[in-house]
Each structure stands twice: as structure tokens, then as C-alpha cells.
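Only one structure is covered here, and it is reproduced in the block below.
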Amino acid sequence: MVELASVIRAGDAIICAQACAEPQTLIEALLAQRAELSGCRVFLGSSYSGLMRPEHADHLRLSSYCGTGANRALADAGVLELLPSPYSQLGALIRQQRIGCDAVMVEVSPPNVRGEYSLGLGVEYLAPALEVCRTVIAEVNDRVPWTFTEPLLNRQDFDLLVESSRPPVYLEFSTAKEPDRRIARNAAALVPDGATLECGIGALPNAIVAALKGKGRLRVHSGLVCEAVVDLEPQACIGGALMGTQRLFDWARENPAVRLCSSDITHGAASLAKIERFVAINSAVEVDFTGQVNGEVARGNYVGAVGGALDFVRAANQSAGGLSIIALPASRVVEKLSGPVSIPRSEAGVIVTERGVADLRGCSLAQRERRMRTISGNS
């Protein structure tokens with residue numbers, strides 16, 4: 001039995017690894033012992049395990065930067081505090097304790113021959129959290145691959161360690177249907193050989209990356225590394241987290257071409273400014289005729305995030321030979337957004353639907369509307 005009260009105090013701020021790197025055994029222990037740890041603040045990141053449910057907010061205060069995955073049910077129930085900050089700011093917010101960080105829960109691989117534990121499936125905001133926290137709690141899961149993460153950890157870095165053997169959380173998207181395949185083909189035609197790719201979360205960005213198979217000399221610099229990257233055989237892959245299934249995890253295992261690192265590096269302006277031919281591939285809830293993007297709210301429900309899209313769109317717009325692509329179905333090109341502006345029209349690049357491509361760079365508002373109408377569902 002994991003006795004979390006030996007290292008966590010009531011009211012502590014806890015930061016948890018997210019998505020496929022979620023430490024499920026530790027989360028289960030936290031939920032079972034939440035009455036003893038009443039008042040703890042838990043920063044979830046994105047969650048796909050479904051372990052955290054609205055009723056667990058009776059003793060825990062839950063927060064995240066996003067409403068994706070299982071977080072949507074928490075947001076709909078009104079028990080999830082949402083932080084509308086760009087992903088590039090998370091590291092600074094954690095170091096400044098504006099996002100509290102007394103304890104960090106991580107899932108790690110078994111150690112290598114040098115005794116180094118890898119963060120396995122994700123680093124991102126865990127790197128700054130590990131710098132400032134009082135307590136590190138680790139789940140050593142022998143099903144998690146050893147990958148080249150920055151940092152690597154040693155046994156003395158852990159205040160509490162529990163061993164497990166269970167499948168990590170998998171993130172699998174359904175096979176793209178024909179409208180999405182048309183969008184993917186339209187978007188893929190814009191990507192040059194030698195590009196460095198960023199891929200947002202979701203089935204459509206995955207389909208676009210899959211459609212790039214056959215392009216040459218591709219590299220990846222992305223917050224998340226999706227399943228479709230495996231078939232690209234990139235020359236190098238810098239990411240924050242692996243989000244996919246066992247196929248992706250096996251590909252990344254001890255693969256020196258794959259490096260997982262802090263969000264300061266994946267999303268930081270200084271790192272991104274050095275990349276030429278940087279192509280940012282993202283989707284959205286909706287885009288209006290002027291190029292404004294809503295990536296957060298659909299039908300009144302918080303389902304997305306400010307996240308990293310704005311960081312990557314700005315970098316792509318500044319990159320020599322770079323390009324920002326926002327891809328979505330034509331039916332979600334609208335005259336007026338129904339939710340917040342996640343990416344302003346001043347950063348508009350190229351919008352892609354199954355009906356075609358609207359390049360908004362250098363266009364007046366009137367020109368933008370004409371181009372957007374041609375690729376919308378009302379054209």
C-alpha cells in the first residue's frame with residue numbers, strides 16, 4: 001500500500017505527469033487517500049485515464065491548462081479550474097509558484113545499467129516542477145520504455161517509490177474518414193522537404209502527419225510526438241511527450257534520435273527562433289472569416305486549451321521558409337466565433353479544409369473573407 005501521507009501534507013500543491021505518462025497507480029492511491037489529504041491542489045495536465053472523476057473534488061481542488069480527454073467531464077461538472085495560459089509560460093509559472101508545486105508525481109522507466117531512470121513517456125512541465133518541488137513520488141513501471149529524457153533521474157531523487165507493471169495510458173485515434181483524408185492531402189501538399197514539423201493533438205493533425213510519408217529530410221520539434229511520426233523516419237525528433245500506443249513507445253525505446261525535454265525547450269521562443277522551415281500543424285474548434293481561431297470552447301463546453309498552438313503558430317510565422325497550418329472541416333469555418341479567440345487574426349497563416357486552402361498571409365480583411373468563404377461549408 002502506498003502511504004502518500006508520509007510525504008504529502010494536507011493542502012499541498014501536487015503536479016502530476018499527464019496523458020500517456022500519467023502515473024495511474026499513484027493517482028489511484030491519491031484518490032483512495034484523499035480524505036486524509038484534504039485540501040490538496042492537484043494540477044492534472046491532460047488526462048485520458050478517466051481515473052479522476054467529479055466526485056473526487058470533495059477533498060481535492062483540481063486544475064489544468066486544458067479541457068481535453070477526461071478533463072471535459074470535470075470541466076462540465078464545474079470542478080476543474082482552467083488556466084488559459086500559453087504552454088510556453090507553464091515553466092515560469094511553476095518556478096514562481098503561481099502554479100503551486102510542493103509534490104510531483106511521475107511515472108518512470110526501470111533504470112538503465114548506470115542507474116538512471118527515464119521519465120519515459122513525457123517531460124514537458126515536469127522539468128521545472130522537479131526543480132522547485134519539495135517531494136518527488138515515482139511510479140516505476142516496467143512497461144514504460146527507457147527513452148532519452150532531460151532530465152534523467154537517480155534513486156536518491158525520489159522521496160517515495162512504488163513499483164508497478166501495467167500498460168501505460170494509450171492515446172489512439174480512429175482511422176481518418178474521407179473528408180479528413182482530403183484535408184490531410186491538401187495540407188500535406190504545402191509542406192516542403194526538409195521541414196521541421198510540429199503536430200497538435202487530435203485525429204486530424206495525426207492524419208496530416210501520416211500523409212507526409214515520402215517527404216524527405218523531415219525533422220520534428222513538437223510538444224507532442226504522435227503515432228504517425230514513426231512512419232516518417234525523421235532525422236531528429238525533439239518533443240515534450242509521446243502520445244500514442246505501444247507502437248510509438250517501442251519506436252522511441254532507447255532511440256537516440258528521439259529526445260524528450262522541458263516545455264521551456266519545446267515551446268520556448270528562444271529555441272523555436274533557431275528553426276528554419278518550421279511548419280506548425282494544428283486544428284481548431286472553429287476559425288472565422290478574418291482568421292481568428294477558437295481552440296477552446298465548443299457549444300459552450302470547454303474542450304480544448306490555449307495550450308501550445310499560439311507559441312508554435314508565432315514561431316512558424318517568423319521562421320525562414322516556415323508555415324502555420326490550421327486544418328479543420330469546412331463546416332467549422334464561421335462568420336463569427338462562438339467561443340474565445342485563442343489565436344488572434346494577426347497571426348493568421350494558412351487555413352485548410354476539405355474544400356481547399358486559404359492563404360491569409362498579407363491579406364486585407366476583405367481579401368481574407370473572400371478566401372475563407374471559398375473553403376467554408378457555405379461556399
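Data for the structure
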quantity: Extreme residue, nearest to Gly304 (Cα to Cα), among residues of the stretch 342-379 that are hydrophobic (A, V, I, L, M, F, W, C) and not in a strand (DSSP E or B); calculated: Ala348
quantity: In the stretch 40-56, residue farthest from Gly122 (Cα to Cα) [restricted to those that are open to solvent by 30 Å² or more (accessible area, probe 1.4 Å) and touching a Leu at 6+ places or on another chain (Cβ under 8 Å)]; calculated: Pro54
quantity: Residue check, Ala273 free of Cβ contacts under 8 Å to residues at least 24 places away in the same chain and surrounded by fewer than 17 Cβ atoms within 10 Å (Cβ to Cβ); calculated: no
quantity: Which listed residue is small (Gly, Ala, Ser), buried (at least 18 other Cβ atoms within 10 Å of the Cβ), part of a loop (DSSP other than H, G, I, E, B) and more than 16 Å from the chain's Cα centre (by Cα), from Gly307, Gly321, Gly339; calculated: Gly339
quantity: Val287 vs. criteria without any contact (Cβ under 8 Å) to a residue 40 or more places away in the chain, among the β-branched types (Val, Ile, Thr) and buried (at least 19 other Cβ atoms within 10 Å of the Cβ); calculated: no
quantity: Number of positions in the stretch 51-71 that are over 15 Å from the mean Cα position of the chain (by Cα) and either closer than 16 Å to Ala32 by Cα or not in a strand (DSSP E or B) (or both); calculated: 12
quantity: Every pair of residues 6+ apart whose Cβ atoms lie under 7 Å, when the first sits in the stretch 356-379 and is touching a residue at least 12 places away in the same chain (Cβ under 8 Å) and open to solvent by less than 60 Å² (accessible area, probe 1.4 Å) while the second is in a helix (DSSP H, G or I) and among the aliphatic types (A, V, I, L, M); calculated: Ala358/Met372; Ile375/Ala330; Ser376/Ala330; Gly377/Ala330
quantity: Meets criteria (touching a residue at least 12 places away in the same chain (Cβ under 8 Å), of a type in the set (Val, Ile, Thr), over 22 Å from Thr25 (Cα atoms) and not in a helix (DSSP H, G or I)) for Ile99; calculated: yes
quantity: Given (1) under 17 Å from the mean Cα position of the chain (by Cα); (2) open to solvent by 10 Å² or more (accessible area, probe 1.4 Å); (3) under 22 Å from Pro179 (Cα atoms), number of the condition Met243 does not satisfy; calculated: (3)
quantity: Matching residues in the stretch 134-154 - criterion: being over 9 Å from Ser118 (Cβ atoms) and surrounded by fewer than 22 Cβ atoms within 10 Å (Cβ to Cβ); calculated: Arg134, Thr135, Val136, Asp142, Arg143, Glu150, Pro151, Asn154
quantity: Count - residues of the stretch 107-122 that are outside any strand (DSSP E or B), without any contact (Cβ under 8 Å) to a residue 60 or more places away in the chain and not β-branched (Val, Ile, Thr); calculated: 8
quantity: Residue in the stretch 75-87 that is part of a helix (DSSP H, G or I), crowded, with 16+ Cβ neighbours inside 10 Å and over 17 Å from the mean Cα position of the chain (by Cα) present; calculated: yes
quantity: Every residue from the stretch 167-182 that is open to solvent by less than 80 Å² (accessible area, probe 1.4 Å) and in contact with a Ser or Thr (Cβ under 7 Å, 6 or more places away or on another chain); calculated: Val169
quantity: Residue list for the stretch 3-38, filter: assigned to a loop (DSSP other than H, G, I, E, B), in contact (Cβ under 8 Å) with a residue 60 or more places away in the chain and either among the basic types (Lys, Arg) or within 30 Å of Val225 (Cβ to Cβ) (or both); calculated: Arg9, Ala17, Gln18, Glu22, Pro23
quantity: Some residue of the stretch 180-196 being modelled with pLDDT of 95 or more, under 24 Å from Ser263 (Cα atoms) and not β-branched (Val, Ile, Thr); calculated: yes
quantity: Options Gly300, Gly295, Gly321: the member that is among the small types (Gly, Ala, Ser) and closer than 19 Å to Ile201 by Cα; calculated: Gly295
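The values are calculated or read from the model by the stated rules, or taken from the named source; none is laboratory data. Just so you know, these numbers come straight off a predicted model, no measurement behind them. Every residue, glycine as well, gets a Cβ built from its backbone with ideal geometry; the counts of neighbours run over all protein chains shown. The area values use the complete protein model at the heavy-atom level, side chains included, leaving out ligands, DNA and RNA. Shrake-Rupley method; radii C 1.70, N 1.55, O 1.52, S 1.80 Å.
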